[in-house]
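Engineer: Take a look at the following structure, please.
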Amino acid sequence: MSITAAIIGQGYVGLPLATRAAEVGITVVGFDIHPGLVDQLNSGKSHIDDVSDDELAAALAAGYRATSDAGDLATADVVVVCVPTPLAEEGGPDLSAVQAAARTLGEHLSEGTTVILESTTYPGTTEEVFAPLVLGDRLTLDENVWIAFSPERVDPGNPTYGIRNTPKVVGGLTPESTRRAVEFYEQFIDTVVEVKGAKEAEMAKLLENTFRHVNIALVNEMVRFCEELDIDLWDSIDAASTKPFGFMPFRPGPGVGGHCIPVDPSYLSHRVKAKLGYAFRMVELAEEVNLAAPTYVAERVWRQLNDQGKAAKGAKVLLVGVTYKPNIADMRETPAEPLAEKLLSWGVDVSYFDPYVPTWEAGGVTMTSATDVEKSASEADLVVLLQQHSTIDLDRVVAEAPAVLDTRGVLNPGDKVVRL
Ligand SMILES: NC(=O)c1ccc[n+]([C@@H]2O[C@H](COP(=O)([O-])OP(=O)(O)OC[C@H]3O[C@@H](n4cnc5c(N)ncnc54)[C@H](O)[C@@H]3O)[C@@H](O)[C@H]2O)c1
């Protein structure tokens, strides 16, 4: 049976999903409200690291096309919504894109369509916020439309796990909604996991992200007192990792970045507070610890310069790797930014090297990436390794640098190299 799928939102999540579905012969319409992006995608130029121009060309040849015409949604048998769910100014959920997409669907959807929300959000959103706008007065759940939630688990830049081999959790508002959504994903995803309902699927995603957030905060807090107690926490983590059961290693770093870890747990704590009136203390504490991590790195920079008999003011500090994770160009919520801001506020002469980020604005200063990292390292007073992109020859950077602060624990500590 040939089906047409419409994917709403052609970003980090929607575009890889669209190209994968096109690969197995599904006719895919990629809907986005960003007209410049639609033209760019139709001309074969991808804006997402995980989708190469060649993969996009193959999808276009297989029938994929991008559109900003909501009328095209009427042709879809299945619609998947992958729009952003950021935080609002006051820190709570901003569901405006989800609501806008739902209203658009309410106007244009044909009877007989299965609608799946993938945007990360608090439990209850699909039922309480999304479905009423999709259904309106025109459509009836389980009669002429079916609605499910399936959390997106994409890990940008992960060379091992992509859309196809990352199990997909699916929970519908009704058993038939679940069944239809499972049937759709089974066409192009190896393992589809059916859960009790949409709320359980929504919560599964937030549990995954909160688990990471809390465990990263645990080691980010421990690294501070371990340093003062003269204990090499990195060594202890390696030792604990030899336990074949009951332990999973998390390592300290300059802070958390990306969309999932810093943002999603706030959706959950906000929901708990709004609905039940009490705090989700684990998340609030993890937020406090992880948000303080860049400031802690700045303090360590200050101390390392001090040990060299140098003032922070006027010192040359080279930041190496400013994205939020290695080997991708993603800058969202990168902890490099609050770190640079803090250093600049102290009068530090900050520069950076990142092959993925040609220019960068931090603390009101626009900077251009150094081109020769070894030369720049030799001219700096201190090099701070924030992100170990695999294309950077770190041994050579260390050889040239007078001193290095390694926030990732990937260099051998020694005379020059100090670990966080
Ligand atoms: N990026 C990740 O690593 C990741 C991982 C897991 C889950 N998620 C979740 O997936 C969702 C989407 O995130 P993303 O990273 O793909 O966002 P993104 O910003 O990369 O892309 C979203 C796209 O949606 C478009 N858009 C916004 N409002 C729209 C509307 N009303 N109609 C149509 N298009 C609209 C935007 O123009 C943009 O192109 C979020 O809820 C996010 O939390 C993201």
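The values are calculated or read from the model by the stated rules, or taken from the named source; none is laboratory data. Bear in mind that the values here come from a model prediction, so they are computed numbers and not experimental data. FYI the Cβ positions are ideal-geometry reconstructions off the backbone, even for glycines, and counts take in every protein chain you see. The area values use the complete protein model at the heavy-atom level, side chains included, leaving out ligands, DNA and RNA. Shrake-Rupley method; radii C 1.70, N 1.55, O 1.52, S 1.80 Å.
Engineer: Condition first: among the polar types (S, T, N, Q) and either touching a helix residue (DSSP H, G or I) at 6+ places or on another chain (Cβ under 7 Å) or outside any loop (DSSP other than H, G, I, E, B) (or both). Now tell me which residues in the range 144-166 satisfy that. Give the steps one after another, and end with the answer.
Structural biologist: First, the residues of the range 144-166 that are among the polar types (S, T, N, Q): 144, 150, 158, 160, 165-166.
Selection gives S150 alone.
Each row is one residue, and each column tells you yes or no for (1) more than 22 Å from the chain's Cα centre (by Cα); (2) free of Cβ contacts under 8 Å to residues at least 12 places away in the same chain; (3) within 16 Å of the ligand (Cβ to nearest atom).
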{"site": "D190", "(1), (2), (3)": "yes, no, no"}
{"site": "K199", "(1), (2), (3)": "no, no, no"}
{"site": "N209", "(1), (2), (3)": "no, no, yes"}
{"site": "V214", "(1), (2), (3)": "no, no, no"}
{"site": "F245", "(1), (2), (3)": "yes, yes, no"}
{"site": "P262", "(1), (2), (3)": "no, no, yes"}
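Engineer: Separate question: Give all pairs with beta carbons closer than 9 Å in which a residue from the range 81-108 that is of a type in the set (V, I, T) meets a residue that is more than 8 Å from the ligand (Cβ to nearest atom) and part of a loop (DSSP other than H, G, I, E, B); count only pairs at least 6 apart in sequence or on separate chains.
Structural biologist: So the pair list comes out as T85/D94; T85/L95.
Engineer: May I pose another question? Please specify each residue of the range 367-405 satisfying the condition of being open to solvent by 60 Å² or more (accessible area, probe 1.4 Å), of a type outside the set (A, V, I, L, M, F, W, C) and outside any loop (DSSP other than H, G, I, E, B). Can you show your working first?
Structural biologist: Going through the range 367-405, the residues open to solvent by 60 Å² or more (accessible area, probe 1.4 Å) turn out to be 368, 371-372, 375, 379, 390-391, 393, 395-396, 399-400, 402.
Right, trim to of a type outside the set (A, V, I, L, M, F, W, C) and you get 368, 371-372, 375, 379, 390-391, 393, 395-396, 400, 402.
T368, K375, E379, D395, R396, E400 - these are the residues of the range 367-405 that are open to solvent by 60 Å² or more (accessible area, probe 1.4 Å), of a type outside the set (A, V, I, L, M, F, W, C) and outside any loop (DSSP other than H, G, I, E, B).
Engineer: Sticking with this one: Looking at (1) more than 18 Å from E152 (Cβ to Cβ); (2) open to solvent by less than 60 Å² (accessible area, probe 1.4 Å); (3) away from the ligand (no atom under 11 Å from the Cβ); (4) outside any loop (DSSP other than H, G, I, E, B), find the lone condition where D39 falls short.
Structural biologist: Result: D39 fails condition (2) only.
Engineer: Return the residues of the range 1-35 that are of a type outside the set (V, I, T), more than 9 Å from the ligand (Cβ to nearest atom), surrounded by fewer than 24 Cβ atoms within 10 Å (Cβ to Cβ) and without any contact (Cβ under 8 Å) to a residue 60 or more places away in the chain; say none if nothing qualifies.
Structural biologist: Within the range 1-35, M1, S2, G25, P35 meet the criteria.
Engineer: Same structure, new question: What tally of residues in the range 104-116 results from selecting those that are farther than 11 Å from L135 by Cβ and either in a helix (DSSP H, G or I) or out of contact with any helix residue (DSSP H, G or I) (no Cβ under 9 Å at 6 or more places or on another chain) (or both)? Full working, then the answer.
Structural biologist: We begin by selecting, within the range 104-116, every residue farther than 11 Å from L135 by Cβ; these are 104, 107-108, 110-114, 116.
Checking the rest, the ones that are also either in a helix (DSSP H, G or I) or out of contact with any helix residue (DSSP H, G or I) (no Cβ under 9 Å at 6 or more places or on another chain) (or both) come to 104, 107-108, 111-112.
Summing the residues that are farther than 11 Å from L135 by Cβ and either in a helix (DSSP H, G or I) or out of contact with any helix residue (DSSP H, G or I) (no Cβ under 9 Å at 6 or more places or on another chain) (or both) in the range 104-116 gives 5.
Engineer: Check whether at least one residue in the range 60-70 is part of a helix (DSSP H, G or I) and closer than 23 Å to I147 by Cα, and report yes or no. Let's see the steps before the verdict.
Structural biologist: Residues of the range 60-70 that are part of a helix (DSSP H, G or I), as a first pass: 60-61, 70.
The next check asks that each one be closer than 23 Å to I147 by Cα; those that pass are 70.
Yes: one or more hits.
Engineer: Got a sec? Which of E361, E337 is modelled with pLDDT of 95 or more and surrounded by 17 or more Cβ atoms within 10 Å (Cβ to Cβ)?
Structural biologist: Working: E361 fails: surrounded by 17 or more Cβ atoms within 10 Å (Cβ to Cβ).
The match here is E337.
Engineer: Still on this model: Residues to consider are E183, E228; find the one that is of a type in the set (D, E) and modelled with pLDDT of 95 or more. Give the steps one after another, and end with the answer.
Structural biologist: Details: E228 fails: modelled with pLDDT of 95 or more.
The conditions single out E183.
Engineer: Quick check on this structure: which one of A148, A59, A102, A74 is touching a Leu at 6+ places or on another chain (Cβ under 6 Å) and either in the same structural domain as G9 (by TED's automatic domain parsing) or more than 12 Å from the ligand (Cβ to nearest atom) (or both)? Walk me through it before giving the result.
Structural biologist: Numbers: A148 fails: touching a Leu at 6+ places or on another chain (Cβ under 6 Å); A59 fails: touching a Leu at 6+ places or on another chain (Cβ under 6 Å); A74 fails: touching a Leu at 6+ places or on another chain (Cβ under 6 Å).
None of the others qualify; the one that does is A102.
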